[in-house]
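Before any comments, here is the structure.
Here, each number is a calculation from the coordinates, and none is a lab measurement. Just so it is clear, the structure is predicted and the values come from calculations on it, not from any experiment. Cβ sites come from the backbone with ideal geometry, for glycine too, and all protein chains shown count toward neighbours.
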Amino acid sequence: LRHRGPGSVKRQRALAASWESNADAWTTAVRSGAIPSRAAGTDAAIVAAVRRQMPDAGPVLDVGCGEGWLVRALRGHGYDASGVDGSPRLIDRACELGGADFRVATYEQLTATPALAGGPYASIVLNFALLGDEIHPLLGALATRLTLDGNLTIQTVHPWIASGDARYEDGWRTETFGAFGSVFPSPMPWYFRTLGTWMRDIDAAGLVVTRLEEPLDAETGRPLSLLLACARS
Ligand SMILES: C[S@@+](CC[C@H](N)C(=O)[O-])C[C@H]1O[C@@H](n2cnc3c(N)ncnc32)[C@H](O)[C@@H]1O
């Protein structure tokens, strides 16, 4: 299993800080439907994944919930959904629309004190929210907040698509949000991992993948994302 390399702590800090500084631009992008892959299918895919695993309404926690769209969507389907995020500004933006419990908690805090997450939950979701290099400690902590037959669902960028022309190997990359013009003040460091590394990190967290999905873009036929439904192993 990989250990944090040089520069990891600095990048993790820059990653968290970028969300605080980009919070308003991100909220506008999400709420105005400006992210094409979301409208093309990733929003629908994560909601459908939760509904499939948990047909009866129950407690759901959205970790790295951002401005809270998924919590609101799941509540619209009758789930008792709540959200946590490390960015106080994003949690403010989530609270301004209200309707659910939104709390500030960083992944580092949730890892050190899993009870902060609350629960037990029938479902925990992480929608494009695992962006750092070392994820198995957080996932392991969250696994302890699941009911015995609970599910944890991850949606992330598809490694084949996200790799682009770069080498298909784990490593830090930078998102400049250039597709949105110059409205995002801070670039975001994020950690690219191959499909094999996703599987190893999930295994190291004491979870097992029960279903792997690759939602496709109907127009291009290319994957929009990678969806991994996990259970306690
Ligand atoms: C791409 S956004 C996704 C937000 C939301 N899940 C959605 O689907 O719109 C990534 C989120 O992860 C959160 N995040 C990243 N690193 C974090 C950390 N170390 N602790 C807590 N939240 C973190 C950010 O604040 C941000 O809200």
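Couplings 3J(HN,Hα) of the stretch 146-162, computed from phi: 8, 5, 4, 9, x, 10, 10, 10, 10, 10, 9, 4, 6, x, 5, 6, 5 Hz, in residue order, whole Hz [Karplus 6.51 cos²θ - 1.76 cosθ + 1.60, θ = phi - 60°; x for Gly and Pro].
Counting GluC sites (Glu not before Pro) as exposed when in a DSSP loop with at most 11 other beta carbons within 10 Å, what is the longest stretch of the chain free of them? After excluding every exposed loop site, the longest remaining stretch is 1-168. Taken along its principal axes, the alpha carbon cloud of the stretch 1-99 reaches lengths of 45, 35, 25 Å, longest axis first. Working note: Cα gyration tensor of the chain, eigenvalues times five, square-rooted, sorted largest first, giving semi-axes of 23, 21, 19 Å. For the chain, the mean residue ellipticity at 222 nm estimated from helices alone is -10000 deg cm²/dmol, where every DSSP H run of n ≥ 4 contributes -39500 (n - 2.57) and the total is divided by all residues, rounded to the nearest 500.
Relative to the compact-globule estimate of 2.2 N^0.38 Å, the Cα radius of gyration of the stretch 107-233 comes out at 1.12. Remark: the chain carries a charge dipole of roughly 240 debye about the Cα centre, counting +1 on each Lys and Arg Cβ and -1 on each Asp and Glu Cβ. Placing unit charges on the Cβ atoms only, positive for Lys and Arg and negative for Asp and Glu, gives the stretch 108-224 a dipole magnitude near 140 debye about its Cα centre.
Among the trypsin sites (Lys or Arg not before Pro) found in the stretch 131-186, those both in a DSSP coil and sparsely packed, with 13 or fewer other Cβ atoms within 10 Å of their Cβ, are Arg167. The phi torsions of the stretch 98-113, fed into the Karplus equation with coefficients 6.51, -1.76 and 1.60 and a -60° offset, translate into couplings of x, x, 7, 8, 10, 10, 7, 7, 7, 4, 5, 5, 5, 5, 5, 9 Hz, rounded to whole numbers, with Gly and Pro shown as x.
Other residues within the sphere of radius under 15 Å centred on the Cβ of Arg31, judged by their own Cβ, net out at -1 (K and R +1, D and E -1). The phi torsions of the stretch 168-174, fed into the Karplus equation with coefficients 6.51, -1.76 and 1.60 and a -60° offset, translate into couplings of 7, 8, 4, x, 6, 10, 10 Hz, rounded to whole numbers, with Gly and Pro shown as x.
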